[in-house]
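Undergrad: Submitted below is the structure of interest, expressed as structure tokens.
The values are calculated or read from the model by the stated rules, or taken from the named source; none is laboratory data. These numbers were taken from a predicted model, which means no experiment stands behind them. Glycine also receives a Cβ, built like all others from the backbone with ideal geometry; neighbour counts cover every protein chain displayed. To get the accessible areas, we keep the full protein, side chains included, count just its heavy atoms, and leave off ligands, DNA and RNA. Shrake-Rupley method; radii C 1.70, N 1.55, O 1.52, S 1.80 Å.
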Amino acid sequence: MNQEYFRGINKTEIEKAKVIFTGLTIDENCSNVVGTKFAPKRFRELSNVLPPYAMDGTFLGNKHIYDCGDINKFSDIENKAKEIFKYEGFPIFIGGDHSVSIATEKVFIKQTIKNDLIPVVIHLDAHADIMSIYQGNEISHATTNYHAIKNGLDPNNLVMIGIRSYEDIEIEFLEQHNEITVYGIEKIWAMGIEKMLEDIITKYSNPNYNIYLSLDIDCLDPAYAPGTGTPEAFGLSSKELYQIVLTLFDKLNIKAMDIVEISPTADCNDITTYVGIKLFYEILKRL
């Protein structure tokens, strides 16, 4: 990829990279507004606007990024993810609609189990995404968590954060699987973010847990992230998202991540993409 992206902190050798960046330019599995396939391109373009520093002034020049380019077909994601997970660099996938996580999480879950470790998925979202099929599509962006369980994730190790929208069948599924941890937005308001984080960290601080963090940008309130296909009011603030994600990175064994559902075509002044990039740089500091 163009070495002008990320202000020149790219690496040309994947073996030396601290982070392996992959774009997933796929949005045919959206159920509402498309446009998320343009997120990786806009993410790279705007990375030239922001200097490679964390908010506290830490220079990120030694946090080298290897850019794998884009995957344009859903059917190609799984094989490419298998290659990426072989390297030491931290994999981060920029989507794309949330269906892309079906494939990346599948590889993560199976490889983690193969290594005699325990996979965990922490899912930040406005939606439960636990349908078996939605609008006739079995790989809809509304089926991500269903597939994670189908692909070997113990429901005890699925954590949902920020949920505030459900379909009837999802309510039924969650009632039948109360081992799944759901921090709906009203529950977060009642208990506080600090207590929620304390509970998650207490449960998953053992290094035998390998964690995949899946971040749907619509976990944020549309006031902070208008550029998404299925916005839901009363979400997290960008400050709260910062607190949640960075605390989890500081305290837990997070091994891979995606940021999905950013839709530049639905955005206002690139607000949503900038949130993603700023968060990405703060994560870089901790890797």
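Undergrad: Could you tell me which residue of segment 200-217 is farthest from Leu241 (Cα to Cα), considering only residues that are buried (at least 22 other Cβ atoms within 10 Å of the Cβ) and hydroxyl-bearing (Ser, Thr, Tyr)?
TA: Out of the qualifying residues, it is Tyr204.
Undergrad: Across segment 255-268, what is the number of residues that are over 17 Å from Ala223 (Cα atoms) and open to solvent by 30 Å² or more (accessible area, probe 1.4 Å)?
TA: Residues in segment 255-268 being over 17 Å from Ala223 (Cα atoms) and open to solvent by 30 Å² or more (accessible area, probe 1.4 Å): 1 in total.
Undergrad: Considering only residues that are under 21 Å from Asp97 (Cα atoms) and either open to solvent by 60 Å² or more (accessible area, probe 1.4 Å) or among the β-branched types (Val, Ile, Thr) (or both), which ones fall in segment 235-254?
TA: Within segment 235-254, Val245 is the sole residue that qualifies.
Undergrad: Of the numbered conditions (1) farther than 14 Å from Ile211 by Cα; (2) touching a helix residue (DSSP H, G or I) at 6+ places or on another chain (Cβ under 7 Å); (3) open to solvent by 50 Å² or more (accessible area, probe 1.4 Å), Ile271 satisfies every one except a single condition; which is it?
TA: (2)
Undergrad: Return the total of residues in segment 259-275 being closer than 19 Å to Phe21 by Cβ, out of contact with any Leu (no Cβ under 8 Å at 6 or more places or on another chain) and hydrophobic (A, V, I, L, M, F, W, C).
TA: Number satisfying all stated conditions: 1.
Undergrad: Something else about it: I'm trying to understand the selection: among the residues of segment 205-257, which are among the small types (Gly, Ala, Ser) and under 18 Å from Val34 (Cα atoms)?
TA: Scanning segment 205-257 gives Ala225, Gly227, Gly229.
Undergrad: Given the conditions (1) farther than 23 Å from Asn151 by Cβ; (2) at pLDDT 95 or above; (3) open to solvent by 10 Å² or more (accessible area, probe 1.4 Å); (4) in contact with a Lys or Arg (Cβ under 9 Å, 6 or more places away or on another chain), and given that Gly57 satisfies all but one, which numbered condition is not satisfied?
TA: It is condition (4) that Gly57 fails.
Undergrad: Here is a list: Lys41, Lys63, Lys37, Lys18. Which entry is of a type in the set (D, E, K, R), over 19 Å from the mean Cα position of the chain (by Cα) and either within 20 Å of Val275 (Cα to Cα) or at pLDDT below 95 (or both)?
TA: Result: Lys63 is the single residue among Lys41, Lys63, Lys37, Lys18 that is of a type in the set (D, E, K, R), over 19 Å from the mean Cα position of the chain (by Cα) and either within 20 Å of Val275 (Cα to Cα) or at pLDDT below 95 (or both).
Undergrad: Can I ask one more? Given the structure, is Ser214 within 21 Å of Ala256 (Cβ to Cβ) and among the small types (Gly, Ala, Ser)?
TA: Taking the combined requirement at face value, the residue satisfies it.
Undergrad: Related question: Specify which of the listed residues (Ile200, Ile211, Ile193, Ile217) is closer than 29 Å to Asp270 by Cβ, under 18 Å from the mean Cα position of the chain (by Cα) and of a type in the set (A, V, I, L, M, F, W, C).
TA: Ile217
Undergrad: Continuing with the same structure: Going residue by residue through segment 119-134, is there one that turns out to be surrounded by fewer than 17 Cβ atoms within 10 Å (Cβ to Cβ) and under 27 Å from Ile163 (Cα atoms)?
TA: yes
Undergrad: Could you list all residues from segment 138-179 that are polar (S, T, N, Q), crowded, with 21+ Cβ neighbours inside 10 Å, in contact with a helix residue (DSSP H, G or I) (Cβ under 9 Å, 6 or more places away or on another chain) and outside any helix (DSSP H, G or I)?
TA: Thr143
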